[in-house]
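The next block holds one structure in the form of structure tokens; read it before the comments.
A short reminder: the numbers here are calculations on the coordinates, not readings from a lab. These numbers come from a predicted model, not from an experiment. With ideal geometry, Cβ positions are generated from the backbone for all residues, glycine too; neighbour counts draw on all protein chains shown.
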């Protein structure tokens, strides 16, 4: 039974949110935030160990369902949420010293941070396709006030856009869920069970194909807004650029994955019902479009956080494309890329956060010579940039290599498009980051060294996974890929 | 009540719902827009109640009661309070080209009926004809969100979109499972509160609730 571990996993952030809603203004609120995130991570490790040992299982009268696929995302989410909370402790304090944030704002931030983790974990672990929707919407609601935390005109605009666009997107996903329930009701009968994924999975071959086809279009467009797939992406760069950096890190590294998980759950059902590659083709189309458009937009960016937001769109497109191709290798590669992207992108945002804090601007042309100002930040930024651009020996290289070789094998026409887009992205990002790190500066070196341990921990993990994949991890990913088909 | 009368009554309510969405689409005064939204909720609750009565689905009584409470009483009350506090009660929006919007709206209705056709073919029960209307009100609310420039009207459009979805759920499937419906209701309520907070933040920063001030973030 996994009831206990699951309960610990879900209740810790919920309790933490409540606790920080009360004590969020205290001096030790940041430590409490990290502590609660640490406990959540611990619970996720225990849960993961149980599930890897004994396979997929349901809990709490089938309301929750854990298999190798979602437990991998649970572990990743809890880990990045934990390291981000460690990063945000000194970061948000400095923001407060700079007068950008007040104590009530930090109060809100800590409380919402825990609740956001809670909603993501619910969305990942629930077995009910309706509750996934409720949790995804709740995840938007908890982060929307964080995006506007600085209360600047630009941040308010970004938050409003985020709220409205994701609200509309998620409303379309609700319509998709209604259609899914409509098809399920005819097979499973009325009542709560008809939306349980495990039940649906058993009868997926009997679900009405025409309805499921329509349902999947709505679900993909709805949750795709959240993933940031082009052309539904326009909220993403704004929200990432204007929100506080820890929020950008968790939005980019975690929330996008959770939305993709919801799409994958639907895809399994639709594939079973249709018996064709309809869902996969749709995902490949959206994925490829996102990769290409994001790569083209990268070179036009002036704001450093905005540029890396576009890089997130590009990578989520690549993952969606890999999942769309389907098959054990591509799905394995997609999951590996999800892991690498989450770790690397959050590391980048940590480094960027410190760089922006030192120079006081997000405009790339005004950030110069980071290596002279602070070698740790400079090396952190350049190494994580190398990692995200897919340079060997980092893990992103391995996953991108796998995706592209599979594409070459299965869909040769897509390879030149992918390679060109990745090349453009490389030129754009490297061309902008190089002078930022190595350029000349008149700024004086900083008196105190920044705390960037999370950056290097993430990079080390990405490096290790790029060089050597432990057999049990590979086995775990392979099992998860087999579940997704 | 004989079956055919019930059916006619439900169809009448559905037609009314569509009419209300069109009225909202062309309504320029914010106060009237909120009142129309309350009426929409009322018609929705009534039709849910009638469906519950004729199909003897007990959980639909709960949804009808929830709709009545949330969408006819709580949300309109909250919105009324907000516009009074923000002093925008008599605001009038300059809508350009109402006839064109209406024509686009009619095209959307036709499109919705075509899209819903395969589902209608498969559906059973008295509400099968309504799926097209439900989808049409969803699309019309989306159109309303696009054409509005004031923050409050956009939010009302968002809530009306949610009403359309709720109507789709009752007409296509006799309502979603109760847990899901409660979850959705909670999300909508929290969203309205957050929208309220936003109104104050936006007004404080821009001195207006006009969203035309908020078009600075662009890729150039």
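What is the Cα centroid distance between the stretch A:306-358 and the stretch A:207-249, reported in whole angstrom?
15
Please report the relative contact order for chain B, taking Cα pairs under 8 Å with a sequence separation of at least 6, and give it as a percent rounded to a whole number.
22
Pairs of Cα atoms under 8 Å, at least six residues apart: use those to get the relative contact order of chain A, whole percent.
14
Please build a GNM for chain B, connecting alpha carbons under 10 Å apart, and tell me which residue among B:155, B:50, B:104 fluctuates the most.
Result: B:104 has the largest fluctuation of those listed.
If I model a spin label at residue A:409 and residue A:31 as a point 7 Å from the Cα along the Cα→Cβ vector, what separation in nanometres do I get?
5.3
Please report the spacing between the Cα centers of the stretch A:1-72 and the stretch B:49-102 in Å, no decimals.
So the two Cα centres are separated by 37 Å.
Report the Cα centroid-to-centroid distance between the stretch A:410-476 and the stretch B:120-170 in angstrom, as an integer.
For the stretch A:410-476 versus the stretch B:120-170, the Cα centre distance is 44 Å.
Determine which residues of the stretch A:29-70 fall in the zone a paramagnetic label at residue B:179 would reach in this model, i.e. backbone nitrogen under 17 Å from the point 7 Å along Cα→Cβ.
A:57-67
For the stretch B:1-63, calculate the relative contact order in percent as a whole number, restricting contacts to Cα pairs under 8 Å that are 6 or more residues apart.
The value is 33 percent.
Just to be sure I understand the model, the point goes 7 Å from the Cα along the line to the Cβ. What's the resulting residue A:401 to residue B:103 distance in nm?
5.9
Mind checking A:166-173 for the average number of partner chain beta-carbons within 10 Å of each residue's beta-carbon?
4
Build a GNM of chain B with springs between Cα atoms under 10 Å: which of B:110, B:152, B:34 gets the top mean-square fluctuation?
The residue with the greatest mean-square fluctuation here is B:110.
What value, in deg cm²/dmol to 500, does the helix sum -39500 (n - 2.57) over DSSP H runs of n ≥ 4 give at 222 nm once divided by the residues of chain B?
Details: 8 runs with 165 residues, N = 220.
Estimated from H runs of four or more residues: -26000 deg cm²/dmol.
Would you please put A:153-163, B:55-65 in order of how densely packed they are, using the mean number of other Cβ atoms within 10 angstrom per residue and starting with the highest?
A:153-163, B:55-65
Please compute the length gained on full extension between residue B:93 and residue B:189, using 0.36 nm multiplied by the number of residues separating them and subtracting their Cα-Cα distance.
Length gained between residue B:93 and residue B:189: 32.0 nm.
According to the square roots a ≥ b ≥ c of the eigenvalues of the Cα gyration tensor, what is the shape class of the stretch A:253-343, taking rounded for a/c under 1.5, prolate for a/b larger than b/c otherwise, and oblate for the remainder?
Values: a/c = 2.48, a/b = 1.87, b/c = 1.32.
Prolate.
Based on the mean of other beta carbon atoms within 10 Å per residue, what is the order of A:117-123, A:42-48, most packed first? Walk me through the numbers on the way to the answer.
Numbers: A:117-123: 26.3, A:42-48: 20.3.
Ranked by mean Cβ neighbours within 10 Å, highest first: A:117-123, A:42-48.
Calculated from DSSP H runs of 4 or more alone, at -39500 (n - 2.57) each and per residue, what is the 222 nm mean residue ellipticity of chain A, nearest 500?
Working: 20 runs with 376 residues, N = 485.
Estimated from H runs of four or more residues: -26500 deg cm²/dmol.
What average count of beta carbons from other chains do you get within 10 Å of the Cβ of residues in B:177-188?
Averaged over the peptide's residues, the number is 6.
Suppose R0 equals 45 Å; then what is the FRET efficiency for residue B:215 and residue B:84 from their Cβ-Cβ distance, rounded to the nearest 0.05?
So, using R0 = 45 Å, E works out to roughly 0.95.
Take every residue in peptide B:169-175, count the Cβ atoms of other chains within 10 Å of its Cβ, and give the average of those counts.
Partner-chain Cβ atoms within 10 Å, mean over residues of B:169-175: 5.
For residue A:443 and residue A:61, calculate 0.36 nm times their separation in residues minus their Cα-Cα distance, and state this gained length in nm to one decimal.
131.4 nm
Springs between alpha-carbon atoms under 10 Å, Gaussian network over chain B: tell me which of B:133, B:184, B:30 tops the mean-square fluctuations.
Checking each option, the largest mean-square fluctuation is seen for B:184.
By average Cβ neighbour count within 10 Å, what is the ranking of A:335-345, B:17-27 from highest down?
The most tightly packed comes first, giving A:335-345, B:17-27.
Modelling each spin label as a point 7 Å along the Cα-to-Cβ direction, I'd like the residue A:46/residue A:472 distance in nm, to one decimal.
Using points 7 Å along Cα→Cβ, the separation is 1.8 nm.
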